[in-house]
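Novice: I am attaching a structure below and will ask some questions about it afterwards.
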Amino acid sequence: MKLLVPVKRVVDYNVKVRVKSDHSGVETAGVKMSMNPFDEIAVEEAVRLKEKGIATEIIAVSLGVTQCQETIRTALAMGADRGVLVETDVGLEPLAVAKMLKVLVEREAVDLVVMGKQAIDDDMNATGQMLAALLGWPQGTFASKVEIAEGIATVTREVDGGLETITLKLPAVVTADLRLNEPRYASLPNIMKARKKTIDILKPADLGIDPTARLTTIAVNEPPVRKAGIKVADVAALLEKLRNEAKVI
Amino acid sequence: MATLVVLDFDATGVKQPSRSAAAAAAKLGEAHGLIAGKSVGGIAEMAAKIPGLAKILVADDALYEHALAEPLSALIVSLAGGYDHIISAATAVGKNVMPRVAALLDVQVISDVSGIEDAETFIRPIFAGNALATVRSSDAKKVMTIRASSFDPVPAEGGAAVIETIASAAGDDKSAYISSELSKSERPELTAAKIIVAGGRGMQNGENFTKLIDPVADKLGAAVGASRAAVDAGFVPNDYQVGQTGKIVAPELYLAVGISGAIQHLAGMKDSKVIVAINKDADAPIFQVADYGLVGDLFTILPELDKAL
């Protein structure tokens, strides 16, 4: 079974982002970039499926600037077999990404796409669902457990109020939630080995897709800042404030 | 053209976040609601009372019983011709289904909308709420999910919508529902609660949640929440989690107990009306967003609070 895992290069989750002074976006110059944390979980899940003998090949795909090759190398060091970069400087939206992934999935005859549920930069939570729609495949989003047997994926999903289990007939798209697994750190020998693995470089035009965005960002602003309030001395003082000043209890 | 609001509901009625979506729809003009499920006649009658919805479309079919993305998105797409905005609250169902609808209509979904400027311009949080983007859509139809905590819900009653039964769309057998494990609780749901008492890593274990937080929550009629640290440590189930990767809440009162205030957590609760922090570390970042801070040992403060209430 062939797996495809899309990986996105995003501002590292430990970075406190700053809005640019011209309000065109957030500052990314000189900022540490890493693989989207949810995508790391997806790569880990794919590698585990290969270790179990269920997956035969894992293709890591990234779409974006040249430096996305580093993100692909990280996936290769974790255990993906080869990479594809769709290189473009255009800011990509989930719809365009899904369209390009669809072409790759069809070209490569992929059986299962495992990907992060959401990228922590644009927080869209959309690409997996959109890809499944375009392919006409079923989707298992926000997965906290995935089992594959006899052409069926059994996916436990994190939903409001608890968990839900569904089955999907393969081929399918699964998107990873936080508790699906804990991604491994790549070992030094595996990082070295990853350098020898292939990364094919394509352009959006090679896939026949126009990546033009449908949304125009008019402005990016800081959220309103909440001011620190006061410290109270004890429980009695706290309740007095909540009852008489804030009037919330 | 009107706005279609895909309503999320359970056995007791339309969920509160969907009434926030109805409030968002009201800013765009005429709005209709969609109830899709099995034996949902009673739910549709409740939905018809939501003010601001002129019509409730009802698809009563076992196909929609568990809100699986594949049949539900096909149904919504079959209705799309009559609407220029199709919206849903950003609940688990909305987040699962709406991007699929958007892709089928060849439009870019606009997720987690927290503000509506005009019919094609919207505000949405990015980078875990550390920035707000104003975006304009050039798509003919706008498919969106709505951040419920940013729109005051319309009341559950007061309206009188027309109920119209609609035909099901074609389904397939590519996906199937197996089971649910929903956390049982007498308390209000996190996203609908007026008061939330949330614990963090400082609670030390799950037993302390039951022993110290639950009694206070029960006296306040509050929901119980937790930080990601407390969930990851296994103190409480995942659906307690408040934060960027958990639930986004905005209650009247949020009591953060033993929560340091990681950016991740703040992203999920900083729109609460009043925030109280109880923490033994006077320098914890949570105090920077708290209206009332109480520095001290939660193991003595919580029992005191329980007694005083």
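Taken together, the values in this text are just the output of simple stated rules run on the coordinates, not laboratory data. Here the structure is a predicted model, which means the values were calculated and not measured. Cβ coordinates were reconstructed from backbone atoms using ideal geometry, including for glycine residues, and neighbour counts include every protein chain displayed.
Novice: Whole-Hz Karplus ³J(HN,Hα) for segment A:213-229, in order, using 6.51 cos²θ - 1.76 cosθ + 1.60 and θ = phi - 60°, x for Gly and Pro?
Specialist: Each residue's phi maps through the Karplus curve to give 6, 8, 9, 9, 7, 8, 7, 10, 10, 6, x, x, 8, 8, 8, 5, x Hz.
Novice: Please report the antiparallel percentage of DSSP beta bridges with both residues in segment B:29-125, rounded to the nearest 5. Mind dumping the intermediate values first?
Specialist: On the way: 3 of 10 bridges.
DSSP beta bridges in segment B:29-125 are roughly 30 percent antiparallel.
Novice: Still on this structure, I have one more. For chain A, give me the percentage of DSSP beta bridges that are antiparallel, rounded to the nearest 5 percent. Write out the running numbers ahead of the final one.
Specialist: On the way: 18 of 43 bridges.
Taking every DSSP beta bridge with both residues in chain A, the antiparallel ones total about 40 percent.
Novice: May I ask for the net charge around residue B:211, where only other residues with Cβ less than 15 Å from the Cβ of residue B:211 are counted and Lys, Arg are +1 while Asp, Glu are -1? Each step should come with its number before you reach the end.
Specialist: Working: positive: B:219, B:307; negative: B:207, B:214, B:218, B:297, B:304, B:306.
That works out to -4.
Novice: How long are the three semi-axes of the equivalent ellipsoid for the protein assembly as shown, computed from the Cα gyration tensor as the root of 5 times each eigenvalue, in whole Å, largest first? The partial results should precede the final answer.
Specialist: Details: eigenvalues 263, 178, 104 Å².
Over the Cα atoms of the protein assembly as shown, the ellipsoid semi-axes are 36, 30, 23 Å.
Novice: A further question on this structure: Could you give me the radius of gyration and the Dmax of segment B:1-156, taking only the C-alpha atoms into account and expressing both in angstrom?
Specialist: Taking only Cα atoms of segment B:1-156, I get Rg and Dmax of 14.2, 43 Å.
Novice: Rounding to the nearest 10 and keeping the result within 0 to 90°, find how far the Cα-based axis of helix A:94-108 lies from the longest principal axis of chain A.
Specialist: 20 degrees
Novice: Of A:221, A:181, A:190, which has the largest mean-square fluctuation in a 10 Å C-alpha GNM of chain A?
Specialist: A:221
Novice: Show the residues, 5+ positions off or on another chain, whose built amide H is closer than 5 Å to the amide H of residue B:55.
Specialist: Amide H to amide H, under 5 Å and 5 or more residues apart or across chains, residue B:55 pairs with B:33, B:162.
Novice: Convert each backbone phi in segment A:16-21 into a coupling constant with the Karplus relation 6.51 cos²θ - 1.76 cosθ + 1.60 (shift: θ = phi - 60°), then list the ³J(HN,Hα) values in order as whole Hz, x for Gly and Pro.
Specialist: Couplings: 8, 6, 10, 6, 5, 5 Hz.
Novice: If I take every Cα pair under 8 Å that is 6 or more residues apart in chain B, average their sequence separation and divide by the length, what percent do I get for the relative contact order? Please list the in-between numbers first.
Specialist: Working: 703 pairs, mean separation 46.9, N = 309.
RCO, chain B: 15 percent.
Novice: Between their Cα atoms, which of A:16/A:247; A:145/B:270; B:38/B:273; A:227/B:194; B:15/B:219 are more than 27 Å away from each other? Let's see the in-between values first.
Specialist: On the way: A:16/A:247 34 Å; A:145/B:270 31 Å; B:38/B:273 37 Å; A:227/B:194 21 Å; B:15/B:219 24 Å.
Where the Cα-Cα span goes over 27 Å, the pairs concerned are A:16/A:247; A:145/B:270; B:38/B:273.
Novice: Another question, then. Given a 10 angstrom Cα cut-off, can you work out which residue in B:98, B:269, B:203 is the most mobile in a GNM of chain B?
Specialist: B:203
Novice: I've got another one for you. Quick one: Karplus J couplings for segment B:55-70, per residue in order, coefficients 6.51, -1.76, 1.60, θ = phi - 60°, nearest Hz, x for Gly and Pro?
Specialist: Karplus-based 3J(HN,Hα) across segment B:55-70 equals 8, 10, 8, 10, 10, 9, 7, 4, 4, 9, 4, 10, 6, 4, 4, 5 Hz.
Novice: Could you bin all the Cα-Cα distances of segment A:1-107 into 5 Å bins starting at 0 and give me the percent of pairs in each, rounded to whole numbers?
Specialist: Distribution as computed: 2, 12, 21, 22, 19, 11, 7, 4, 1, 1, 0 percent.
Novice: Now for a different question. Leaving out same-chain residues fewer than 8 places away, which lysines sit with a Cα under 24 Å from that of residue A:197?
Specialist: The reachable lysines, counting only those whose Cα sits under 24 Å from residue A:197, are A:2, A:8, A:50, A:52, A:102.
Novice: Kirkwood hydrodynamic radius for segment B:149-296: how many Å is it when counted over pairs of different Cα atoms? Mind dumping the intermediate values first?
Specialist: On the way: mean 1/r = 0.0593 Å⁻¹.
With all distinct Cα pairs of segment B:149-296 included, I get 16.9 Å.
Novice: For segment A:95-207, compute the orientation-averaged projected area of the C-alpha convex hull (one quarter of its surface), in nm². Present the calculation step by step, with values, prior to reporting the outcome.
Specialist: Working: hull surface 35.4 nm².
For segment A:95-207, the mean projected area of the Cα convex hull comes to 8.9 nm².
Novice: Counting residues in segment B:122-172 as N, plug N into 2.2 N^0.38 Å and put the Cα Rg over that result. Show your work: numbers first, answer last.
Specialist: Details: Rg = 17.0 Å, N = 51, 2.2 N^0.38 = 9.8 Å.
Rg over 2.2 N^0.38 Å, computed on Cα atoms: 1.73.
Novice: Follow-up question, since we're still on this one. Quick one: net charge around residue B:5, please, counting Lys, Arg +1 and Asp, Glu -1 for every other residue with C-beta under 15 Å from its C-beta.
Specialist: On the way: positive: B:15, B:19, B:27, B:49, B:55, B:141, B:142, B:147; negative: B:8, B:30, B:84, B:164.
My count for the surroundings of residue B:5 gives +4.
Novice: Which of B:78, B:149, B:18 moves the most in a Gaussian network model of chain B with Cα springs under 10 Å?
Specialist: B:78
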